Amino acid sequence: MPTDVLAFARDIAAGAVRVIDLTQTLSQDFPIITLPPELGQCAPFRIEEVSRYDERGPAWYWNNISLGEHTGTHFDAPIHWISGKDLPNNAVDTIDVRKFIAPAVVIDCSKECAADPDFALTIPFVEAWEAKHGKIPPGHWVLLRTDWSKQSFTDYANLRDDGAHTPGPEPKVVKWFVEERDVHGFGTETIGTDFGQGHHFNPPFPAHFYMHGKGRFGLQCLTNLDLLPPKGAVIVAAPLKIKQGSGSPLRVLALVSGEK
Amino acid sequence: MTTPLTRPKRKNPLKRTRLPLNPQGVRSRTAHGLTAAAAEGRFALQVCEDCKTVIYPPRDCCPNCLSARLPFRDVPRGGMLVAETTVRTSTDPYFRERTPWRVGSVKLDAGPVIVAHLHGDTVEGARVRLEFKLDKSGAAVALALPEQDTPHMADDPHLREMTCDPKFRRVLITDGRTEVGQAMAKAFSDAGANIVFVGIADQWKPFPGMDKLRQIERVEIVPLDVTDTESVTEQAEQNGSRIDIIVNTAEHVRAGGIVDRHGLTVAREEIDVRYLGLMRLAQAFGPVMRFRGADGVNSAAAFVNLLSVHALMNWPTYGAYSAAEAACLSAAQCMRAELRPGGVKVLNVFFGPLETEWFQTVPPPKVTPAALAKAVVRGLQQGIEDVFVGDIAEDIRARLAVNPKALEREMAG
């Protein structure tokens, strides 16, 4: 019997399927990735009013916006990283659209991160999670709940003399996610999918290197992960169809069964 | 002795703000030779190339020998105040509300007799120093100062009409992340500014010098990002009506040329920070500053542009940077015309390479941020419009005056 999508829509309207917004508001002051100043920089979000019911457009209000592909809550395509540069259909305009809707597991390490901003996710930590919630099924997003989105901007970026100090995965666990658990992608609340000090890992920035090297995706600057169950949420994350885009700001929604 | 200014009382918010008026500012094209001198704080008069007569007022031919070769030359500024009078009323609206106003005739050592505005400490029959100042209309006028400095002489009301002295004024330093911004905050605090607002973008991002900056007396950190229209507008809404001097310290210095740059990302940032940043500040703060040009002791006085001297001639090693600076210079000329009705001056401060990180590989001489800040404050105190700071800036200026084409070729290396 074919799936009844209209029944699904009715469930959303009735609240039987809850829709949770995992997106940060695109605003000028939300922190963006900081690179050494001599390197190319991601453009911050900027907004210029075109008209607001005035002499520039008497009956309408609208803005021009500018931003980078990796500004705000955004999606990383495999082409973003050198390890994924030669994969087929590796850019946001060519990825199979079915991949923009996928289930997720949520690994909660918020307590550990509150105690240590340099918390690194390891295989044993995930195995302990699996002991409680079952093995991560293939084709799932792994979302790392750190509650980092609840921090002040200063603590969120947490830039110190030696760079950013924010939680993230160590290399082994990312490789393991891809090779042993066949994950769909990796999503975080922090500015990037990688550990703040991830440039010191081998390989540097493993979440980018391994995920994109195997054609998997990234989501970052997520919020409201604390509202998701450990298993059972479906993520709708469709990036803008940017020609050969390496990523895109987007609205990320989670669908969760429930009566509330 | 000049009566020292007292810190102005807080303004009664119910009181009408008096509108700015300007003295008559029309001058002949020749007389703008005086404007050029006044803009840089020089004292120059026409000197006949043929008979060496020093001429005032400016003329198109020599009253002694009829020669048309009358270039402006720097001449000694000393003289004697031979006669003085006090104007007690006037049909001119600007002077009408500023009487009594002293004027006098000064016999210059260089020859001519000049009718000049008089500083309060000048005495009839005594020696004076003559200066050309830009008045509120932007035109050059002669002002006689006492030969020796007198106590609080900068507080003289006639003189203060022609300067932008930071004393008791409220200043906005647009970017305090930079060494120049921090040096500027210190210099304005030392110069007696009432409040030194210092803009900081992305406050979540720490920067060197943050703690020291916060410790400077009368510094108030405010959120401000010149690349964000909303941020600039919000800051103007918050504090625009109590900012009397703006020093735009937002900078974007990167080496690289036009051909030899890879892509436009950095060029866009340069234009965004410098040219569009200037425009955002001008649109947000300009109108209220122009409106407040006669708002008492702490009236709006000046907008300060810090410009690379390579705005005047491209330096291909920093070629795209030079081009962005040139755009700012052109914008500043427009702003001058637009702010002049309010008597608000636009100061262009030109400098060569700075002693900062982004000029790391450039050999000396370089301008330290502290020297630049000092020059800005001095320029405001003098009321000049064009300031050249350091050897490189002076050198470029001199070479440009003689042979721009030679300079262009020489800059190419």
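Since every read-out is calculated from the coordinates, none of them should be taken as a lab result. Model, not experiment: these values are computed from the prediction. Quick reminder, even Gly has a Cβ in these numbers, built from the backbone with ideal geometry, and neighbours come from all protein chains shown.
Worth a mention:
- Over 28 Å between alpha carbons, listed pairs A:K175/A:K231; B:K52/B:K345; B:K212/B:K374; B:K52/B:K133; B:K345/B:K405; A:K214/A:K241: B:K52/B:K345; B:K345/B:K405
- Free of any GluC sites (Glu not before Pro) that DSSP assigns to a loop and that have at most 15 other C-beta atoms within 10 Å, the longest stretch within chain A is A:56-258.
- Between 0 and 90 degrees, the angle of helix B:390-402 with respect to the longest Cα principal axis of chain B falls at about 60 degrees.
- For GluC sites (Glu not before Pro), the sites in segment B:171-222 that DSSP calls loop and that have at most 13 other Cβ atoms within 10 Å are B:E217.
- Within 10 Å of the Cβ of each residue in B:201-212, the mean number of Cβ atoms contributed by other protein chains is 4.
- Projecting the Cα positions of B:L143, B:L81, B:P63 onto the charge dipole of segment B:32-160 (unit charges on Cβ atoms of Lys, Arg, Asp and Glu, taken about the Cα centre) puts B:P63 furthest along the positive direction.
- Residue with peak Gaussian network fluctuation, chain B [Cα springs, cutoff 10 Å], from B:T361, B:T178, B:T89: B:T361
- Charge dipole of chain A about the Cα centre (unit charges at C-beta), most positive-ward option of A:T188, A:W176, A:G163: A:W176
- 10 Å Cβ neighbours from other chains, averaged over peptide B:228-238: 2
- Pairwise centroid distance, computed over Cα atoms, of segment B:146-222 with segment B:314-342, Å: 23
- Rounded to the nearest 10 degrees, the inclination of helix B:319-339 to the longest alpha-carbon principal axis of chain B is 50 degrees.
- Listed residues A:R145, A:R98, A:R52, most fluctuating in chain A (Gaussian network, C-alpha, under 10 Å): A:R52
- For segment B:31-77, the set of trypsin sites (Lys or Arg not before Pro) satisfying both a DSSP loop assignment and a count of at most 16 other C-beta atoms within 10 Å is given as B:K52, B:R59, B:R69.
- Percent RCO, i.e. relative contact order, over segment B:32-160, from Cα pairs under 8 Å lying at least 6 residues apart: 23
- Computed over the Cα atoms of segment B:32-160, the ratio of the radius of gyration to the Kirkwood radius (Rg/Rh) comes to 0.99.
- Options B:G383, B:G413, B:A332, ranked by Cα towards positive dipole end of segment B:327-413, top entry (Cβ charges): B:G383
- Mean-position separation - Cα centroids, segment B:231-269 and segment A:148-196, in angstrom: 32
- Chain B: angle of helix B:229-239 to the longest principal axis, Cα-based, in degrees nearest 10: 50
- Checking Cβ-Cβ separations below 4.7 Å across the protein assembly as shown identifies A:C42, A:C109, A:C113, A:C221, B:C61, B:C164, B:C328, B:C334 as cysteines lacking any candidate disulfide partner.
- Residue-averaged beta-carbon neighbours from other chains (10 angstrom radius) around B:260-268: 1
- GNM top mover of A:I242, A:I107, A:I20 - chain A, alpha-carbon springs below 10 Å: A:I242
- Between segment B:91-111 and segment A:51-77, the Cα center-to-center distance that results, in Å: 55
- Residue-averaged 222 nm ellipticity for chain B, from DSSP H runs of 4+ at -39500 (n - 2.57), nearest 500: -9000 deg cm²/dmol
- Around the Cα centre of the protein assembly as shown, unit charges on the Cβ atoms of Lys, Arg, Asp and Glu (plus for the first two, minus for the last two) sum to a dipole of about 1980 debye.
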